[in-house]
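Okay, structure first, notes after.
Values in this text are rule-based calculations from the coordinates and carry no lab data. Keep in mind that this is a model prediction, so the values were computed, not measured. All Cβ positions, glycine included, derive from the backbone under ideal geometry; neighbour counts span all protein chains shown.
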Amino acid sequence: AAHFLHGKVALVTGASSGIGAAIAEHLAVAGAKVALAARRIDRLKELQARIEDKGGVAITIVMDVCDEEQVHVGVKRAESVLGPLDILVNNAGVLYYTMMKNVHIKEWQKMVDINVKGTLNCVAAVLAGMVERRRGHIVNVSSDGGRKGFAGLSVYCGTKYFVEGMSQGMRQEVAEFGVKVTCIQPGDVKTELFEKSTDQEAREKYEMVSKMKVLEPGDIAQAVLYAVKQPDHCSVNEILVEPQLAP
Ligand code: NDP
């Protein structure tokens, strides 16, 4: 079933790194034309070259998901070059380990701005078009932290609970218009996500990724492929993927 996404158009946010880059590459290898969106253009260009080397089609879109206007313009450009979007992958996100008592309010705000408002900006730019065309799939990269709160990640988990709640409501609203909504809930994946926290106390106490078995970004990309390749009558609402623990 190679190229089962032939003719489809996808936009992936946070495609410059980690999980988003893997999702974009897997979608392209499966035949989709992919718009690679993020702020770091050099990283997007490298991924574009890698996809083209494999015979895929990709364009790059510089967009900060927090900037409503940039998102709107970016989606318009993707659609004018590649065609109407069939798939939006809301993957851009940040994680900062913080302890609530240490009040790293700037980092809390960034998580809300990017993980919550950024996701909304992207939904706002694509959903009306999908509904009008009676076709579309929004894939939100949530987290296992969208199902359970973790110490050191209270605000992060809050942002992912938002993604889950919003997705559940939206799914019911858009089903009658042929639009699907999927939440992917990864456990720990080896990426750059964990390198940015400044709350050393929280990091030392709770940061587990460096000590744990972790997933590869490609494992999450496989889950996205599974969700987007289903027939019309089948909606994959959630996929929780965690590292297999040692026996
Ligand atoms: P990375 O740090 O490797 O990638 C994050 C991506 O988000 C980058 O491409 C970055 O691009 C983009 N991004 C960050 N801020 C913005 C912004 N303001 N506008 C546009 N893009 C932005 O992390 P991961 O690949 O691990 O994370 C991807 C998603 O997966 C996140 O939503 C994360 O919460 C989720 N997740 C990750 C897990 C893990 O263990 N790694 C587990 C569960 C969920 P750029 O800086 O170029 O803009």
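Odds and ends about this structure:
- Between helix 217-228 and the chain: long-axis angle, C-alpha atoms, 0 to 90°, nearest 10: 40
- Backbone amide hydrogens, once placed in the peptide plane, bring THR182 within less than 5 Å of ILE138, VAL139, ASN140, excluding anything fewer than 5 places away on its chain.
- Fully extending the segment from MET170 to SER80, taken as 0.36 nm per residue of separation minus the present Cα-Cα distance, adds 29.8 nm.
- Order by protection proxy (mean Cβ within 10 Å, highest first), peptides 172-179, 118-125, 62-69: 118-125, 62-69, 172-179
- Dipole in debye (nearest 20) - the chain, about Cα centre, beta carbon charges: Lys, Arg +1; Asp, Glu -1: 140
- Under 16 Å of direct C-alpha separation, and excluding same-chain neighbours fewer than eight residues apart, LYS205 reaches these aspartates and glutamates: GLU195.
- Here the peptides 235-246, 82-93 are ranked by packing, the mean other Cβ count within 10 Å, and the order with the highest first is 82-93, 235-246.
- Site pair GLU204 and ASP144 shows an inter-label distance of 2.5 nm when each label is modelled 7 Å from Cα along Cα→Cβ.
- Dipole of the range 9-240 computed with +1 at Lys/Arg Cβ and -1 at Asp/Glu Cβ about the Cα centre; of HIS26, GLY14, LEU85, farthest Cα towards the positive end is HIS26.
- Rounded to 10°, Cα long-axis angle of helix 41-53 versus longest principal axis of the chain: 50
- Relative to the dominant Cα principal axis of the chain, helix 154-174 is inclined by about 30°.
- Each of GLN230 and ASP67 was given a label point 7 Å from its Cα along the Cα-to-Cβ line. The distance between the two points is 3.6 nm.
- Centroid-to-centroid, using Cα positions, the range 194-234 and the range 111-185 are 16 Å apart.
- Within straight-line cross-link reach of LYS213, lysines at Cα separation under 16 Å, skipping those fewer than 8 residues along the same chain: LYS190
- Charge dipole (the chain, unit charges on Cβ, about Cα centre) - positive-most of GLN185, ILE114, GLY152: GLN185
- Förster radius 45 Å - calculated FRET efficiency between HIS6 and GLU192 (Cβ-Cβ, nearest 0.05): 0.90
- The range 165-247 - charge dipole about Cα centre, Lys and Arg +1 at Cβ, Asp and Glu -1, debye rounded to 20: 140
- Above-threshold pairs, the threshold being 22 Å between Cα atoms, out of LYS8/LYS76; LYS117/LYS180; LYS54/LYS180; LYS8/LYS110; LYS106/LYS160: LYS54/LYS180; LYS8/LYS110
- Put simply, the amide H of ILE61, placed in the peptide plane, has neighbours under 5 Å in LEU36, ALA37, ALA38, leaving out anything fewer than 5 places away on its chain.
- Between MET212 and GLU46, the simple spin-label model (points 7 angstrom out along Cα→Cβ) gives 2.6 nm.
- Exposure proxy order (Cβ contacts within 10 Å, fewest to most) of HIS104, HIS3, HIS233, HIS72: HIS233, HIS3, HIS72, HIS104
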